[in-house]
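Since the structure comes first, as structure tokens, the remarks are kept for the end.
Nothing in this text is a laboratory measurement; each read-out follows from the coordinates by a stated rule. Model, not experiment: these values are computed from the prediction. Cβ sites come from the backbone with ideal geometry, for glycine too, and all protein chains shown count toward neighbours.
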Amino acid sequence: MPKSEESSYPFCPDEGKYEKLAKIGQGTFGEVFKARDKKTKTVVAMKKVLMENEKEGFPITALREIKILQVLKNDNIVNLLEICRIKATPYNRYKSTVYLVFEFCEHDLAGLLSNPQVKFSLAEIKKVMQQLLNGLYYIHSNKILHRDMKAANILITKAGKLKLADFGLARAFSDKLNRYTNRVVTLWYRPPELLLGERNYGPAIDLWGAGCIMAEMWTRSPIMQGNTEQHQLTLISQLCGSIVPETWPGVEKLELFSKIELPKGQKRKVKERLHGYVKDQYALDLLDKLLSLDPSKRVNSDDALNHDFFWVDPLPQDLNHMLSRYNKSMFEYLAPPRRRAPINQPPQAPGVVRPAGHNPDQHFERIF
Amino acid sequence: MFSISTQAKYWLFTGETELATCRAEANRSYISSRRAHLTDNEVASCFLTPMEEKLLSRQYEVVLRKFCSEFQPPMPKCVIGTSLAYFKRFYVHNSNMDYHPKDIMLTCVYLACKVEEFYVPIGQFVKNLRGDREKFADAILSFELTLMSKLNYHLTVHNPFRPMEGFIIDIKTRYKDIQNIEIVRRTAEEFMERSLQSDACLIFSPAQIALAALSFGATKEGLSLDRYIKEILFKTATEKEAEDTLYQLRRVKFIVKNTESVPREQAQAIQKKLDQCRNQENNPDSDVYKQRMLEKLDEEEDVRHRKRAKLVADDEPMFFSLEQDR
Ligand SMILES: Nc1ncnc2c1ncn2[C@@H]1O[C@H](COP(=O)(O)OP(=O)(O)O)[C@@H](O)[C@H]1O
Ligand SMILES: [Mg+2]
């Protein structure tokens, strides 16, 4: 006789509902598998919620991710299908595991960019950026900050639809004065205000990340690969000019402004430095606006979507045709370690490949 | 947005009748899974009736409220509202005999703290309890996943507190008939408090509850919000919609007014009966449960689980008696 709750709950799936096909991701917080619904044959991605070593029970970051994804429903946001719990039984030694089950996307942007065979035309880059900004516009109008923009968290289906993913660091924001943690966003994509200790930040932090990703569409690897927060700020200054109150009024009030050594006398060279990769003037102009040091002057997603870049020839073009050439999934996890960023001086220390494992703050912040 | 929320979609019932049907089904299903060859009379004397279950839940809602109101650090109202909503939702489809309300109650509060971003580490959380705190922590953590899955991971709760502030501002700016709406605030808030002790949040939208509270407060002051509702709030809607809302508000008031408190002796008698018929597999103090924990421990290395071992070995019953909490 089934227990009442099982029969009256349509979507509490039983343990054997999915079969795992392959591991496709290993983030700071758990593994991601490609899996298949045994009955319907639908292919899904299952993200395991790591519970080991959780003194505080179900991780608050996973709670936020669930809460947020249950409200966000948009073409450019990864679709959470259900939560699936493998129940504690004698067979798994009474350990139960929770999975977030997502619609499967064939690629992530980091995987695509690390494959030199995959070439994006200007029109296709426009399509990527348009969808990315559209996703940001949607979440920001729903008062959600993503806080972990990077190429690996941008998924692309084989039909060419882009989906923002990984809401593990996301949270709701308000327009009031806030004190959020500033230890968010993978170092290489972290905007200057966070690096300087700002805690009352807003949607602009995600647009900095969008700028880094946009540049990466041409450079093919992250444009500023700092080893430390100090180093990251140095790289930012070398690209975007010295961080001074003349160009960024109020920056002197940020907690770390006087405590960190910032390069002096640097000129802003966003367009010059990127010109070697990016020939399109409109693209350079939008990049310049996204990579604005002062968050209050950084372009927002709405204005970015209205930028000429998207409205002059060549117009954005669907990716499905280009992607149809590839019959294999491309994910960061499956790609060979990414090469050094080409436009950075000084080069990063040898052996430092990915930021996640090398940033001791990262894990800490993921928990709180 | 409430209208597209999981609350509106999955956790609003048509009324007390539907709720009673669901609860009776949970009760029946628990009993039928373990009555074996008992006669109906024997069943009645061993197991809780749906009515007894309801009284017990109500009683534990009182305990939950009290726990929250004394909680240190002081808790925002939304945490209390969300905890109670979880607790009520849980017992729509589950029997008190399957999961003891004392375990579920604390787990609801702990989960609500996290979800409402009122973060209190478990160690600090259990400092608000008297007794073996480590054991409480352990029980809360071990029921957390069960609670979440029984709630179908619908964790966002829309409480009536914010809508009430919204209506107050709206009345101030758009309804000139009432000069000083602030005078009804206290009574309205009392009404909301009382509504937490009823099934209102399983039947009505937060906006309906908030409006009913204000309308109740207004009446007490000899004022009326009917014109505000008909001519301002529902200006563009049909007459029927406005009338329907007024009808719903009366329903809210009726349901909230009729929340009776449970006499102590009766609650204690039910508890005693519960000790006999509860599911021992979900009882952290039972041998089956401990045995299972030990099996789990055999395989695990980390410190937390070794701590657990110490815990299950220790035999003191996990307490949450009603006396202590009066
Ligand atoms: N829905 C999905 N479809 C396909 N791959 C996915 C999906 N979700 C995540 N992945 C893959 O798993 C990786 C890690 O998932 P993510 O949600 O970013 O978790 P983490 O917090 O561990 O980084 C992603 O970079 C991506 O490669
Ligand atoms: Mg990720």
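Ranked by the mean number of other Cβ atoms within 10 Å of their residues, highest first, the peptides A:224-230, B:212-218, B:289-295 fall in the order B:212-218, A:224-230, B:289-295.
Computed over chain B, relative contact order equals 22 percent, with contacts defined as Cα pairs under 8 Å that lie 6+ residues apart. For the range B:160-258, the number of Lys pairs with C-alpha atoms closer than 21 Å, counting only pairs eight or more positions apart or on separate chains, is 12. Our note on the geometry: Cα centres of the range A:303-328 and the range A:224-245, 30 Å apart.
Pull out a ≥ b ≥ c, the square roots of the eigenvalues of the alpha-carbon gyration tensor of the range B:160-258, then state rounded if a/c is under 1.5, prolate if not and a/b is larger than b/c, and oblate in the remaining case.
Oblate, because a/c is 1.5 or more while a/b does not exceed b/c.
Taking each of A:Lys143/B:Lys9; A:Lys163/A:Lys269; A:Lys67/B:Lys127; A:Lys55/B:Lys150; A:Lys143/A:Lys269; A:Lys126/A:Lys267 in turn, the alpha-carbon distance tops 26 angstrom for A:Lys163/A:Lys269; A:Lys67/B:Lys127; A:Lys143/A:Lys269; A:Lys126/A:Lys267. Rounded to the nearest 0.05, the FRET efficiency derived from the C-beta distance between B:Ser69 and B:Gln266 at R0 = 22 Å is 0.40.
Based on every Cα atom in the range A:170-287, Rg and the maximum pairwise Cα distance Dmax equal 14.5, 42 Å. Protection proxy ranking of A:64-74, A:190-200, A:171-181, by the mean of other Cβ atoms within 10 Å over each peptide's residues and highest first, is A:190-200, A:64-74, A:171-181. For the pair the range B:70-135 and the range A:120-158, the centres of their Cα atoms are 38 angstrom apart.
Directionally averaged projected area (the protein assembly as shown, Cα convex hull): 35.2 nm². With a cut-off of 18 Å on the backbone N, the residues of the range B:198-214 near the modelled label site 7 Å out from B:Arg186 along Cα-Cβ are B:213-214. Neighbouring Cβ atoms from other chains, within 10 Å of the Cβ of residues in B:149-161, number 4 on average. Each Cα pair under 8 Å and six or more residues apart adds its separation to the average, and for the range B:82-219 the resulting relative contact order is 25 percent.
With the simple model of a label 7 Å out from the Cα in the direction of the Cβ, B:Lys235 to A:Val312 spans 4.7 nm. When shorter helices are ignored and each DSSP H run of at least 4 residues is given -39500 (n - 2.57), the per-residue value for chain B at 222 nm works out to -20000 deg cm²/dmol. Per-residue Cβ neighbour counts within 10 Å put B:Asp132, A:Asp302 in the sequence A:Asp302, B:Asp132, beginning with the fewest.
Residue exposure proxy: A:Thr61, B:Thr39, ordered by other Cβ atoms within 10 angstrom of their Cβ from fewest to most, comes out as B:Thr39, A:Thr61. The alpha carbon centroids of the range B:192-235 and the range A:260-282 are separated by 59 Å. This ranking places A:Asp288, A:Asp108, A:Asp318 by how few other beta-carbon atoms lie within 10 Å of each, fewest first, which gives A:Asp318, A:Asp288, A:Asp108.
Between A:Lys267 and A:Thr247, the simple spin-label model (points 7 angstrom out along Cα→Cβ) gives 1.1 nm.
Taking the Cα centre of the range B:6-157 as reference, the dipole from Cβ charges on Lys and Arg (+1) and Asp and Glu (-1) amounts to some 240 debye.
Take each residue of peptide B:26-39, count the partner chain Cβ atoms within 10 Å of its Cβ, and average: the result is 2.
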